[in-house]
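The values are calculated or read from the model by the stated rules, or taken from the named source; none is laboratory data. If you're wondering where the values come from, they're calculated on a predicted model, not measured in any experiment. As a convention, Cβ positions derive from the backbone with ideal geometry for all residues, glycine included, and neighbour counts pool all protein chains shown.
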């Protein structure tokens with residue numbers, strides 16, 4: 001029996017390492033939102049780091065962003081359980097992220113790896 005397991009030790013070691021990596025990548029309390037979960041969490045809300053950037057998600061798919069004091073308009077849409085943001089620039093860039101939440105903490109992730117982190121807030125009152 002031990003001889004049979006001895007020959008499989010690379011497989012056992014690989015499985016053990018994958019289990020450790022999965023544990024490290026999954027931060028306690030954070031959960032990935034579904035497409036509907038993203039919509040429910042973000043419509044009429046702001047995600048911000050309270051210092052450098054803020055993304056305001058309007059119900060009609062308009063994205064009002066502020067980054068380092070510069071306002072930018074764009075669009076947001078949900079595709080395949082991901083939040084996709086298109087910011088207007090000379091060449092508009094579309095970026096898609098998984099959205100993970102823990103309470104009011106939000107993380108934008110790609111392939112489970114954190115890209116940006118912020119807090120969800122109510123949308124500030126804006127003149128119409």
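State all residues of region 75-87 that are out of contact with any strand residue (DSSP E or B) (no Cβ under 6 Å at 6 or more places or on another chain) and part of a strand (DSSP E or B); if no residue qualifies, say none.
Once the filter is applied, which keeps residues that are out of contact with any strand residue (DSSP E or B) (no Cβ under 6 Å at 6 or more places or on another chain) and part of a strand (DSSP E or B), region 75-87 yields 78, 79.
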Check: Checking residue 63 against (1) closer than 20 Å to residue 122 by Cα; (2) in contact with a helix residue (DSSP H, G or I) (Cβ under 6 Å, 6 or more places away or on another chain), which single condition isn't satisfied?
Finding: (2)
Check: Do you know which residues across region 40-78 are in contact (Cβ under 8 Å) with a residue 24 or more places away in the chain and exposed (fewer than 15 other Cβ atoms within 10 Å of the Cβ)?
Finding: 44, 49, 50
Next item on the list: Collect the residues in region 81-93 that are more than 13 Å from the chain's Cα centre (by Cα) and at pLDDT 85 or above, keeping them in residue-number order.
Entry: 86, 87, 93
Notebook entry, point to check: Which of (1) at pLDDT 95 or above; (2) under 15 Å from the mean Cα position of the chain (by Cα) is the odd one out, the single condition residue 75 does not satisfy?
Noted result: (2)
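Quick grid of which residues meet (1) touching a helix residue (DSSP H, G or I) at 6+ places or on another chain (Cβ under 9 Å); (2) farther than 18 Å from residue 99 by Cα:
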site	(1), (2)
32	no, no
42	no, no
46	no, no
49	no, no
54	no, no
70	no, yes
74	no, yes
80	yes, no
84	no, no
